[in-house]
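**Q** Supplied in structure tokens, the structure appears directly below.
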Amino acid sequence: MILHVLRHGVAEETAPGIDDGARRLTLRGRAKMQAAAKGMRAFGIGFDLLLTSPLARAAETAAIVAESYGGAPEPRELGALAHGAPEDVLRALRPYARHEAVAIVGHEPGLSRLASLLLTGSPEGITLTLKKGGLVTIELGAVAPRAGTLRWLLTPRMLRRLGR
């Protein structure tokens, strides 16, 4: 399986009285994510399953990516991506191991810790920080710790430039 790990786009700031799960992408965040999704397509990134955190900013990001790919596949929620520990996300991904390429949309620091777990066997094995709208792609021999090989890490700026 090829696993594309995408951090959500730029979202509204945290503020008192605002539920973190309801924070949405900003207008600029939406525009940047649309350009990044275009770059994903231009780079030849494909997937047959798109899983997203149920939090608004991630779900919006997944919808933008799906729209860039002609609406297919439609994003599906994976609750573990909301704030799940890397081990929980890994467990939640196992039923999808039969898919050739899967894209997930979620949050930091969980996504970088998941990537570290897949690459080194430990969530703290490497320091990797995904910027908002950044993508890391890992080739998996199995959906298990230390079963991954890093294919690439693309910053949001790189993705946007690829889409030009």
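The values are calculated or read from the model by the stated rules, or taken from the named source; none is laboratory data. Not measured: the values here are computed from a predicted model. We place every Cβ from the backbone using ideal geometry, glycine too, and count neighbours over all the protein chains shown. Just so you know, the surface numbers come from the protein's heavy atoms only, side chains and all, with ligands and any DNA or RNA stripped out. Shrake-Rupley method; radii C 1.70, N 1.55, O 1.52, S 1.80 Å.
**Q** Two decimals is fine: what's Rg over Rh for segment 74-164, C-alpha atoms, Kirkwood radius as Rh?
**A** 0.95
**Q** Helix-only mean residue ellipticity at 222 nm, the chain, DSSP H runs n ≥ 4 weighted -39,500 (n - 2.57), per residue, nearest 500. What is it?
**A** -10000 deg cm²/dmol
**Q** While we're here: Highest GNM mean-square fluctuation, the chain, Cα pairs closer than 10 Å: which of G29, G44, G17?
**A** Of G29, G44, G17, the Gaussian network model singles out G17 as fluctuating most.
**Q** So which GluC sites (Glu not before Pro) in segment 19-102 end up in coil per DSSP with only 15 or fewer other C-beta atoms within 10 Å?
**A** Those that pass, being in a loop and sparsely packed, are E100.
**Q** Would segment 12-125 count as rounded, prolate or oblate if I go by the C-alpha gyration tensor, calling it rounded below 1.5 in a/c and otherwise prolate when a/b exceeds b/c, oblate otherwise?
**A** oblate
**Q** So, R0 is 30 Å and r is the distance between the beta-carbons of A15 and T127; what FRET efficiency does that work out to, to 0.05?
**A** Approximately 0.55, to the nearest 0.05.
**Q** Hey, another quick one. Run the accessible area of the chain with a 1.4 Å probe and give the carbon-and-sulfur part as a rounded percent.
**A** The nonpolar share, carbon plus sulfur, comes to 51 percent.
**Q** Where both partners of a DSSP beta bridge lie in segment 40-164, what percent of those bridges are antiparallel, to the nearest 5?
**A** 50 percent
**Q** Restricting to Cα pairs below 8 Å that are 6+ residues apart, what does the relative contact order work out to for the chain? Please round to a whole percent.
**A** Computed value for the chain: 32 percent relative contact order.
**Q** Further question: Per residue, what accessible area does segment 1-135 have, given a 1.4 Å probe and all protein chains present, in Å²?
**A** 45 Å²
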